[in-house]
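Data block below; observations after.
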Amino acid sequence: MLYPVPAVMVSCKRPRERSNIITVAWAGTVCSDPAMVSISVRPQRYSHDIIEETGEFVINLVTEKLTRSCDWCGVRSGREYDKFREMKLTEYVSEFMDTPAIAESPVNIYCKVVKTDHLGSHDMFIGKVIGVTVDDSFMDDKGKFALEKCGLITYSHGEYYTLGKKLGKFGYSVRKSAVKSANKKNSESKSKKEPKNGQNKKKISEKRKVKQRKGHV
Ligand SMILES: Cc1cc2nc3c(=O)[nH]c(=O)nc-3n(C[C@H](O)[C@H](O)[C@H](O)COP(=O)(O)O)c2cc1C
């Protein structure tokens, strides 16, 4: 129930074999310096052994245009299909490693596996980021990469979404003008929602349902 998350297309390749792509939702940033990310992959996946053996993978961010390919690569196996060919995607081989990135993806993150944790259903590969390539067309005049213009998607509870409207930016809650209006809003909503003798609290806890659900990735 920890949603939304990014759904990413992870490319991998074993020498003398065709390249493959696996869709991964259990992915995340785990360290800033050195930059490290994690992907959790079930041992049954065709890609699992490739990543384990080569010790490398590329995370390719997914745009609205790539969503269908992202889903398809997440329901078909590289054991049976050449996913790059089937989805008409282009392999981009960078200076960083033999594993190709997906050229149609605006951001490619090249990772070397530094640790593998066998957690249970999934093995978590922690990858040290050794390079990143981006689509130049999203670079602005000042050399800043406009990630917000890429049209990235998110994945929530089994469904894909585009991103909604911007609500603020890092630290906006403590900026002077914002604090004033936030305090005002808080005091307004507090007066409306104040529980009387814990009655509301009780109501809320009664409403909560225990939900157990098998993860589907
Ligand atoms: C949106 C989505 C997210 C997924 N996330 C994961 C994941 O985090 N870990 C995983 O092992 N499989 C995940 N899968 C399933 C694999 O992508 C799928 O089994 C794929 O066919 C494996 O490809 P392969 O056999 O070529 O490696 C996901 C599938 C979808 C559609």
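Just so it is clear, none of the values below were taken in a lab; they were calculated from the coordinates. It should be emphasised that the depicted structure is a prediction, and the values quoted were computed from it without experimental measurement. No Cβ is skipped: glycine too gets one built from the backbone with ideal geometry, and neighbour counts run over all protein chains shown.
Quick notes
- Val5, Val24 arranged by Cβ crowding within 10 Å, fewest neighbours leading: Val5, Val24
- Using only the C-alpha atoms, the convex hull of segment 5-162 corresponds to 115 Å³ per residue.
- Maximal additional length on extending the Lys115-Asp71 stretch stands at 13.1 nm, based on 0.36 nm per residue less the C-alpha distance.
- When the chymotrypsin sites (Phe, Trp or Tyr not before Pro) in segment 6-62 are filtered for DSSP coil states and for at most 14 other beta-carbon atoms within 10 Å of their beta-carbon, no site remains.
- Cleavage-rule hits (trypsin sites (Lys or Arg not before Pro)) in segment 33-82: DSSP loop, at most 11 neighbouring Cβ within 10 angstrom: Arg79
- Arranged from fewest to most other beta-carbon atoms within 10 Å of their beta carbon, Thr90, Thr99 become Thr90, Thr99.
- Applying both filters, DSSP loop and at most 10 other Cβ atoms within 10 Å, to the trypsin sites (Lys or Arg not before Pro) of segment 83-114 gives Lys88.
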